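First the structure, in the form of structure tokens, and then the observations on it.
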Amino acid sequence: MAKTVSDFFVERLHAWGVRVMFGYPGDGINGVFGALNRSGGKIRFIQARHEEMAAFMASAYAKFTGELGVCIATSGPGASHLVTGLYDARLDHMPVLAIAGQQARSAMGGHYQQEVDLPSLFKDVAGAFVQQASSPSQVRHLVDRGIRTALGERRVTAIILPNDLQEMSYEEPPRAHGTLHSGIGFTRPRTVPYEPELRRAAEVLNSGKKVALLVGAGALEAADEVIAVADRLGAGAAKALLGKAALPDDLPWVTGSIGLLGTEPSFNLMMECDTLLMVGSGFPYSEFLPKEGQARGVQIDLAPDMLSLRYPMEVNLVGDAAETLRALLPLLEQKADGAWRKQIGANMEKWWKTLEARAMQPANPVNPQRIAWELSPRLPENVILTSDSGSCANWYARDIRIRRGMMASLSGGLASMGAAVPYAIAAKFAHPDRPVIALVGDGAMQMNNMAELITVAKYWQEWADPRWIVCVLNNCDLNQVTWEQRVMNGDPKYDASQQIPDVPYHRFAELIGLEGIFVDRPEALAPAWERALAARRPVVIEVKTDPEVPPLPPHITFEQAVHLSEALLKMDPHEKRVIAGTVRQKLASLLPGHKDE
Ligand SMILES: Cc1ncc(C[n+]2csc(CCOP(=O)(O)OP(=O)(O)O)c2C)c(N)n1
Ligand SMILES: [Mg+2]
């Protein structure tokens with residue numbers, strides 16, 4: 001049989017190093033699936049339950065491996081399902097290639113079944129490169145350019161293949177006008193700023209007395225360099241959500257997360273610093289950074305368009321985090337005075353005690369903070385953590401003490417619900433020998449994570465380490481938003497939009513061959529984690545959590561406090577249970593020294 005366009009397509013992806021793709025079949029892409037089948041397992045196809053989940057998996061695979069993530073779907077609904085997962089990759093700067101089928105070229109423009117204008121649909125999310133093939137010899141450069149652009153620019157790209165074209169005989173481009181003769185291969189460049197710029201940065205950093213670092217996902221591979229620079233500068237360091245694993249939390253000068261899900265010491269670090277060094281972070285909320293003019297700023301980022309975006313920096317360095325910090329280090333003077341670090345360390349000691357006290361507060365029936373608090377000391381060395389969007393992201397961000405060698409991620413920029421389970425599945429295909437733990441709300445579970453448990457049931461027996469745990473916070477509520485409605489809008493809980501059905505998640509797990517654990521007492525949490533971490537198969541831990549424990553920001557503004565009080569006065573139906581009426585006192589304690597806000 002002559003080589004089809006699809007056979008060539010699969011071969012070319014393989015030549016680029018693609019070994020796994022996540023997706024779902026359909027007649028719009030059958031030609032490529034036939035070729036995948038014929039290729040004898042050169043590229044592994046992982047079957048998700050939904051194309052959006054496959055795209056989340058591709059995004060997470062890129063995050064956990066540093067390689068290209070690939071997802072594949074049929075024309076029409078398959079392709080449109082991909083979009084949210086692709087936006088997740090786009091917003092977190094992940095290299096992902098989306099492959100979509102399309103109706104036959106002869107039918108296009110004819111309001112044909114499953115005909116969607118896919119180049120337009122993908123134009124924004126895959127704007128760096130989106131092309132629909134129209135001839136066999138074009139496919140070679142579409143693959144080459146699509147992948148090189150994704151890897152080189154850390155962007156999402158898309159290749160759309162009409163189904164008739166997929167089955168045609170492949171032809172190499174003839175040596176003629178109007179053809180391209182492309183090749184494969186990409187290696188990351190070494191990106192370091194010029195010496196005079198490094199000197200300017202060093203001057204700013206050397207002149208500071210209270211240096212604060214903010215590190216993000218761009219610093220994940222630069223822990224040694226960040227530590228060396230921070231030690232030289234006597235600095236404290238806060239972490240953006242995607243940079244949670246960039247620095248271990250057992251260093252006394254690391255203040256943990258920043259922002260709405262952050263810690264009070266991170267907030268204080270930013271409010272009191274005189275110099276800010278930001279490394280590889282697109283952390284969005286400027287109000288958690290120093291006031292304009294308060295601090296002199298230096299930023300390092302690979303992407304020029306992320307520089308000086310949240311705070312007006314004096315020196316903007318385009319560069320790889322590790323390489324740039326290594327080049328900067330010899331130019332930095334050792335700070336003599338340790339007072340700033342002592343203050344940060346003291347803040348942190350106090351903060352960990354505060355967190356413990358919060359986690360140990362009784363609740364009805366289980367305080368959700370305690371889930372993360374009990375998990376932290378039990379985390380296996382090389383664990384990979386994921387979290388969904390929802391109140392659990394607060395406990396993931398604040399309470400989990402990450403250590404060196406662990407990985408952790410979530411849908412950061414897009415903050416989409418429904419990402420934690422597909423992320424955790426992709427983690428296993430990236431690192432089958434590492435234990436994986438996901439924290440997920442019940443709303444996100446119902447949205448689509450539950451269905452992906454079926455994917456786990458399908459594949460787990462091939463994973464070298466079978467430990468794969470999802471902890472479901474069952475509060476029968478879309479709790480994060482319930483609190484946002486209360487605090488940000490001053491509205492009472494709107495039961496019609498916020499309450500969700502009670503579902504026995506642990507029993508669903510058992511039904512499909514996984515292990516289920518049910519927890520409705522705080523004392524049962526530690527044994528539940530221990531049992532799950534010793535299990536020989538994937539586990540769903542379902543915890544009945546209290547929706548009236550507020551996932552409030554570390555400090556909240558006076559205006560927000562007023563809104564909350566108003567909501568309570570408007571007789572929120574759940575008022576009586578909101579931590580025994582102590583909310584106002586709590587709010588008062590959450591406004592330390594920020595009366596000007
Ligand atoms: C796809 C999507 N839809 C809606 C939202 C808005 N949203 C953010 S958190 C949240 C509630 C999540 O509820 P649940 O998963 O039960 O977690 P909880 O906050 O109750 O712990 C919602 C609706 C979102 N981030 N993503
Ligand atoms: Mg919930």
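Just so it is clear, none of the values below were taken in a lab; they were calculated from the coordinates. Remember, it's a predicted structure, so these values are computed and weren't measured experimentally. Here Cβ is always computed from backbone atoms with ideal geometry, including for glycine, and neighbour counts include all displayed protein chains.
Fully extending the segment from Arg536 to Met168 would add 127.8 nm, taking 0.36 nm per residue of separation and subtracting the current Cα-Cα distance. Helix 5-15 and the longest principal axis of the C-alpha atoms of the chain enclose an angle of approximately 50°.
If R0 equals 41 Å, the separation of the Cβ atoms of Ser134 and Glu67 corresponds to a calculated FRET efficiency of about 0.90. Rg and Dmax of the chain, both derived from C-alpha coordinates alone, stand at 25.2, 79 Å. Would you mind checking segment 532-551 for residues with the amide N under 17 Å from a putative spin-label position 7 Å along Cα→C-beta of Asp495? From segment 532-551, the list is 547-548.
Go through Lys239/Lys335; Lys63/Lys544; Lys3/Lys123; Lys123/Lys239 and tell me which ones have a Cα-Cα distance over 29 Å in this structure. In this structure, Lys63/Lys544; Lys3/Lys123; Lys123/Lys239 lie more than 29 Å apart at Cα. Annotation: extensible slack from Arg44 through Ala336 equals 99.6 nm (criterion: 0.36 nm per residue apart, minus Cα-Cα distance).
Under 5 Å from the amide H of Gly236 lie the amide H atoms of Val211, Leu213, each residue being 5 or more positions distant or on a separate chain, with H modelled from the backbone and absent for Pro and chain starts. What is the calculated FRET efficiency for Leu329 to His14, with r their C-beta to C-beta distance and R₀ = 41 Å, to the nearest 0.05? Calculated value: 0.50.
Which residues in segment 283-312 place their backbone N less than 15 Å from a point set 7 Å from the Cα of Glu203 along the Cα-to-Cβ direction? Inside the label zone: 296-298.
The HN-Hα couplings worked out from phi for segment 429-439 by the Karplus form 6.51 cos²θ - 1.76 cosθ + 1.60 (θ = phi - 60°) are 6, 7, 9, x, 8, 10, x, 10, 10, 10, 9 Hz, whole numbers, x standing for Gly and Pro. For Lys210, the aspartates and glutamates whose Cα falls under 13 Å of its own Cα, not counting residues fewer than eight places away in the same chain, are Asp231, Glu272, Asp274, Asp337. The trypsin sites (Lys or Arg not before Pro) found in segment 103-175 that occupy coil by DSSP, while having at most 11 further C-beta atoms within 10 Å, are Arg175.
Please grab the % of Cα pairs in segment 51-172 that end up more than 23 Å from each other.
On the way: 1902 of 7381 pairs.
Tail of the P(r) past 23 Å holds 26 percent of the pairs.
Bridgeable aspartates and glutamates around Lys493 (alpha carbons under 19 Å apart, same-chain partners fewer than 8 residues away excluded): Asp442, Asp477, Glu484, Asp502, Asp546, Glu548, Glu559, Glu566, Asp572, Glu575.
Give me the net charge of Ile371's neighbourhood, meaning all other residues with Cβ under 15 Å from the Cβ of Ile371; Lys, Arg count +1, Asp, Glu -1. Don't skip to the answer; put the middle values down first.
Details: positive: Arg358, Arg370, Arg378, Arg398, Arg401, Arg521, Arg531, Lys544; negative: Glu356, Glu374, Asp388, Asp399, Asp442, Asp520, Glu523, Glu530, Glu542, Asp546.
Residues close to Ile371 contribute a combined charge of -2.
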